[in-house]
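**Q** Attaching a single structure in structure tokens format; questions to follow.
The values are calculated or read from the model by the stated rules, or taken from the named source; none is laboratory data. All values derive from a computational prediction rather than experimental measurement. With ideal geometry, Cβ positions are generated from the backbone for all residues, glycine too; neighbour counts draw on all protein chains shown. Surface areas here come from the heavy atoms of the whole protein model, side chains and all, with no ligands, DNA or RNA. Shrake-Rupley method; radii C 1.70, N 1.55, O 1.52, S 1.80 Å.
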Amino acid sequence: MPILNNPIAGTVQYAYPGDIESLCHDIVDGPFGDNYMMNLAHLVREENPACTNASYKSFIRMLSNPEPNAETASLRSWFYQCCTE
């Protein structure tokens with residue numbers, strides 16, 4: 001399941017020099033002018049062209065799967081680590 005903050009979180013976490021500035025430029029000076037949310041939506045759509053389910057309930061349901069082999073098991077542990085540090 002794609003997450004809406006992936007373009008930002010991934011860029012910040014794995015950034016090379018200039019990556020964060022480039023991301024900010026894409027949001028501030030993107031194809032939708034000063035409509036920053038539309039520019040962010042454009043970045044999300046580029047990363048995942050399929051429809052993005054942004055439902056909070058769906059997200060919690062996805063992370064609640066306790067199976068160790070679940071597709072989202074690593075994401076669940078990553079969130080746990082980040083939120084408890």
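**Q** Among Met38, Tyr16, Cys51, which residue has its Cα positioned farthest towards the positive end of the charge dipole of the range 9-52, with +1 placed on the Cβ of Lys and Arg, -1 on the Cβ of Asp and Glu, and the dipole taken about the Cα centre?
**A** The residue sitting farthest along the positive end of the dipole is Cys51.
**Q** While we're looking at this one, here's another question. Between Asn69 and Ile20, what length in nm is gained on full extension when 0.36 nm per residue of separation is reduced by their alpha carbon distance?
**A** 14.3 nm
**Q** Using 0.36 nm times the number of residues separating Arg76 and Asn48, minus their current alpha carbon distance, what extension gain do you get?
**A** Difference between extended and current length: 8.1 nm.
**Q** Hey, got the dipole for the chain? About the Cα centre, +1 on K and R Cβ, -1 on D and E Cβ, debye to the nearest 20?
**A** 460
**Q** Another question, then. Quick one: accessible surface of Ser74, probe radius 1.4 Å, all protein chains present, in square angstrom to the nearest 10.
**A** Accessible area of Ser74: about 80 Å².
**Q** Given a Förster distance of 30 Å, report the FRET efficiency between Asp34 and Lys57 from their Cβ-Cβ distance, rounded to the nearest 0.05. Each step should come with its number before you reach the end.
**A** On the way: r = 32 Å, r/R0 = 1.07.
Calculated value: 0.40.
**Q** Still on this structure: Give a residue-ordered list of calculated ³J(HN,Hα) values for the range 64-80 (Karplus: 6.51 cos²θ - 1.76 cosθ + 1.60, θ = phi - 60°; whole Hz; x for Gly, Pro).
**A** 8, 5, x, 5, x, 9, 4, 4, 9, 4, 5, 5, 4, 5, 5, 4, 4
**Q** Another question, then. Once volume of the Cα convex hull per residue in Å³ is worked out from the coordinates, which option in (i) 103; (ii) 92; (iii) 121 does it equal?
**A** For volume of the Cα convex hull per residue in Å³, the calculated option is (iii).
**Q** Can you show me the helix-derived [θ] at 222 nm for the chain, built from DSSP H runs with n ≥ 4 at -39,500 (n - 2.57) apiece and divided by the number of residues, rounded to the nearest 500.
**A** Roughly -17500 deg cm²/dmol at 222 nm, from the helical runs in the chain.
**Q** Per-residue accessible area for Phe32 at 1.4 Å probe radius, Å² rounded to 10?
**A** Its accessible surface works out to 90 Å², give or take rounding.
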